[in-house]
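Since the structure comes first, as structure tokens, the remarks are kept for the end.
The values are calculated or read from the model by the stated rules, or taken from the named source; none is laboratory data. The structure presented is a predicted model; accordingly, all values stated were derived computationally and were not measured. No Cβ is skipped: glycine too gets one built from the backbone with ideal geometry, and neighbour counts run over all protein chains shown. Accessible surface is based on the protein model in full, side chains and every heavy atom, while ligands, DNA and RNA are left aside. Shrake-Rupley method; radii C 1.70, N 1.55, O 1.52, S 1.80 Å.
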Amino acid sequence: MGEKSTTTPTKATPEAATAPAAGTIRRDKPWIFRTYAGHSSARDSNRLYRNNLAKGQTGLSVAFDLPTQTGYDPDHALARGEVGKVGVPIAHLGDMRALFAEIPLERMNTSMTINATAPWLLALYVAAADEQGADRALLSGTTQNDIVKEYLSRGTYVFPPAPSLRLTRDVIAWTYGAMPKWNPMNVCSYHLQEAGATPVQELSFALATAIAILDEVKASGAIPADDFPQAVGRISFFVNAGMRFITEICKMRAFAELWDEICLTRYGVEDERYRRFRYGVQVNSLGLTEQQPENNVYRILIEALAVVLSKNARARAVQLPAWNEALGLPRPFDQQWSLRVQQILAFETDLLEFEDIFDGSSVIGGKVEALKSEARAELARIEEMGGAIAAVESSYMKQALVASNAARLAAIEAGEQVVVGVNRFTESEPSPLAGGADGGILTVPEHVEAEAVAALKAWRDARDEGAVTKAIADLKRAASEGTNIMEPSIAAAKAGVTTGEWGAALREVFGEYRAPTGVGKAARADAEDLAPVRAAVESVSAKLGRRLKFLVGKPGLDGHSNGAEQIAVRARDCGMEVVYEGIRLTPAQIVNAALEEDVHVIGLSILSGSHLALVRDVMERLRAAGIDDIPLVVGGIIPEEDASQLRAMGVAAVYTPKNFQLTDIMTEVVEIVGARAAAAA
């Protein structure tokens, strides 16, 4: 997700209290308008980008598919069912070339939502720009390149923390000299809020990440000390804006003021330009509902206002989700609708004509100071642990997010946190927006994967294998010796090396990593409502002759683990024995775990749209292993047509975001196991 800048806090001028006379109004420049987009193939995505730019979009925000994000080619076993689902597959320079065909990169501001493989995707981008004859010094945009939040929330990490930090440092150091207009890192608190972070956790965890990165860069000496302030000035942020409107405004003002404070006091950055809190935003997708999805339009508008109303903390790039993202992939019209919201705010209203309208407010000032005080205290705790990386490795941050998310979900279940159309005002007319033959969403056809695999084979057959072998050897040498990874990566891109080969080379040098799940210590403080389901678990366990055992699995490359974590926590709190090994498991590993652990029920969580292919694979393996009597339940963003297909395969139950009552899900799971046990008796 994206980037760009806000101004630093400034005093309002006396004349700011009233609008200028007619004909003398001086409007601020609007922020960069983006839509987060990419799917199916590079050519399809290029067509979408060019159409969106023609409609008035002013920057690109590239969504990559999960194999690309995690360093696998489309023909890898873990890529099965995932190709082109949540973004565009980019396996080599040919794909990057096609993605930006007829788009002059020298004049484009491009944000790339990429983290573990950020050096590689940036290398491909630079290689494509070189082919266009672009001046690298004029290339502008952002690589997200925030690996810390991947361990905490999004799950597309690859390598252990130390080498991941080194790769982030390499990108920062290389772009500083070669691409001075590029934002090499976008500290991303967006997914922290998606994982349940409170505003204080979002502030402190994101700022702790920025500190860890800047400390690493400074200590390495990769950038001369005299130039370090300019390097600090290229760090940007990517944030989330939720529905607590006033709190979100205050959070953004607190972010700007705390960042200014950290840059000045910790790093001695005296030039105000380099202390500016430069950020982009995607408003909260977590709050979008499958029920009454038309309500999401209002939610998106309110959340967008929270990051553009306050001039002193205004986003300089905004991308809005579409109203139907709780249902599936948005169509071009849906993306256009979200783009129009931004254009109406920027060009039809007068919000760009005034100084900051919140300066001097005791309410806003008080809330900002309270958030800053709590965030400073949390930052101090993280510092005592040894910084953000230590707080990741100890699972402190992850446990905190799982606990916060559990509290949020419990409040929604209890009706204490109102979600219109979900737990209040649920009476509803059918939504005409979700009607029609396409069900109101875009579906990626299954032939996309086969076409990507065939194209990959053709690419490999046509390249110079000697050049590829040399490029990979040079890449591994740079990784082993600690020299900057960027130039060898660009050379590898031009030689025809693939994403999977780049990933495999660095895996060989750095190894792989499995982050803590954070599930072990999270627990419900109050559990009176769980008594009936606990009694049911005890009853069924007695009939089974041992404790009911529930395997929660995340097949494929989908790293959105929040739902799986909360299911695991609630199942354990209900008295079940839970097996949860985290993200990124193959169907074979899940079935093997079911055999070894002798489980009574399997629950699969898949939010990437790859549910049909992955569930089919799991079901076939269960049959081959002779354990297809174990009931299988599935959760995810699953259209009803797909849910029917899953049930036809033998899936016992399908759950989507509308099934927000986790305890009800637990009750049904126990009933399914009990019925299966009775039938087998």
Does the range 326-335 include one or more residues that are open to solvent by 10 Å² or more (accessible area, probe 1.4 Å), in contact with a His (Cβ under 9 Å, 6 or more places away or on another chain) and more than 24 Å from Ala210 (Cβ to Cβ)?
-> yes
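Matching residues to (1) crowded, with 16+ Cβ neighbours inside 10 Å; (2) out of contact with any Cys (no Cβ under 8 Å at 6 or more places or on another chain); (3) at pLDDT below 95:
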residue	(1), (2), (3)
Ser373	no, yes, no
Glu383	no, yes, no
Ala400	yes, yes, yes
Ala411	no, yes, yes
Glu427	no, yes, yes
Ser431	yes, yes, yes
If you scan the range 185-215, which residues turn out to be under 14 Å from Ile114 (Cα atoms), in contact with a Lys or Arg (Cβ under 6 Å, 6 or more places away or on another chain) and touching a residue at least 60 places away in the same chain (Cβ under 8 Å)?
-> Cys188
Spans of helices (runs of 4 or more DSSP H) in the range 457-567 with at least 3 residues under 31 Å from the mean Cα position of the chain (by Cα), under 26 Å from Thr156 (Cβ atoms) and among the aliphatic types (A, V, I, L, M) = 465-481, 486-495, 499-510
Hey, any hits in the range 317-325 for a residue that's modelled with pLDDT of 95 or more, part of a loop (DSSP other than H, G, I, E, B) and either within 27 Å of the chain's Cα centre (by Cα) or among the β-branched types (Val, Ile, Thr) (or both)?
-> no
Residues that are of a type in the set (Gly, Ala, Ser) and crowded, with 23+ Cβ neighbours inside 10 Å: which helices (runs of 4 or more DSSP H) entirely in the range 138-229 hold 2 or more of them?
-> 199-220
All conditions in (1) without any contact (Cβ under 8 Å) to a residue 12 or more places away in the chain; (2) touching a helix residue (DSSP H, G or I) at 6+ places or on another chain (Cβ under 6 Å) are true of Gly233 except (1)
Report, ordered by the first and then the second residue, all pairs with beta carbons closer than 7 Å, sequence separation of six or more or different chains, a first member in the range 160-175 that is closer than 18 Å to Ser395 by Cβ, and a second member that is open to solvent by 30 Å² or more (accessible area, probe 1.4 Å) and acidic (Asp, Glu).
-> Pro161/Glu393; Leu165/Glu216
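So that you can scan it fast, the table gives a plain yes or no per residue for (1) at pLDDT 95 or above; (2) within 19 Å of His76 (Cβ to Cβ):
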{"site": "Asn484", "(1), (2)": "yes, no"}
{"site": "Gly511", "(1), (2)": "no, yes"}
{"site": "Arg514", "(1), (2)": "no, yes"}
{"site": "Gly520", "(1), (2)": "no, no"}
